[in-house]
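Structure first, then comments.
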Amino acid sequence: MRRNKTKNREKLKDKPVVVYLPTKMKQRWKDFSEENRMTMSRFVRSAVNEFLFFNAKESMGVPRAEMIAKIKELEEKNEELEKEVHLLKILSTNLDMELKGLRSQQFNGERPIQIDGRLISLLKNRGSISEEELLSSIGISPNDATAINRLVRQLDILQRHGLVTYNGKRWSWHVA
């Protein structure tokens, strides 16, 4: 085994590179290499190779000047997109505030609700329809209390405005 070490050392003696460093720089390099669990030689080789790679005229088949131009272009595009995102966040916040305001406004003593277009179409087209037919046509399960309550509120509003009537069994559309 000693012979192999000796042969390796002899091979390395043919390839020395001597670098003179200020003491602080040498200590910094040494500390860094130890932190990263590598020899000082390996650290220096890695650093030099990285430098050569990033400063080569071509890197991965793309000319360096082209890469720099592309990076600059992407940074500008990124900056534009960040501004756009910022503006969209402001807009979103403003719209949320406006929506909260509209939701809290009173509309004839009640909060405004949107009437389902399918409900109006069904009532207009059929003229008269039972509650069961209405639920199945719109696709509301008889067990879905929330959806049924929403439908009942819409029918109540239509009834208060004279658009529909209920005779105890069927809803009827009254507008031509």
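The values are calculated or read from the model by the stated rules, or taken from the named source; none is laboratory data. All values reported here derive from a predicted model rather than from experimental measurement. Ideal geometry is used to build each Cβ from the backbone, glycine not excepted, and the neighbour counts take in all protein chains shown.
As a summary of the residue check, Leu52 satisfies the conditions (1) at pLDDT below 80; (2) outside any helix (DSSP H, G or I); (3) of a type in the set (A, V, I, L, M) except for the one numbered (2). The set of residues from the stretch 125-137 being under 20 Å from Ile113 (Cα atoms) and either touching a His at 6+ places or on another chain (Cβ under 9 Å) or touching a residue at least 24 places away in the same chain (Cβ under 8 Å) (or both) comprises just one member, Leu134.
Screening Glu98, Glu58, Glu76, Glu34 for residues that are under 34 Å from the mean Cα position of the chain (by Cα) and either at pLDDT 90 or above or farther than 30 Å from Asp156 by Cα (or both) leaves exactly one candidate, Glu76.
One residue alone among Ile140, Ile157 is surrounded by 12 or more Cβ atoms within 10 Å (Cβ to Cβ), free of Cβ contacts under 8 Å to residues at least 60 places away in the same chain and in a helix (DSSP H, G or I), and that residue is Ile157.
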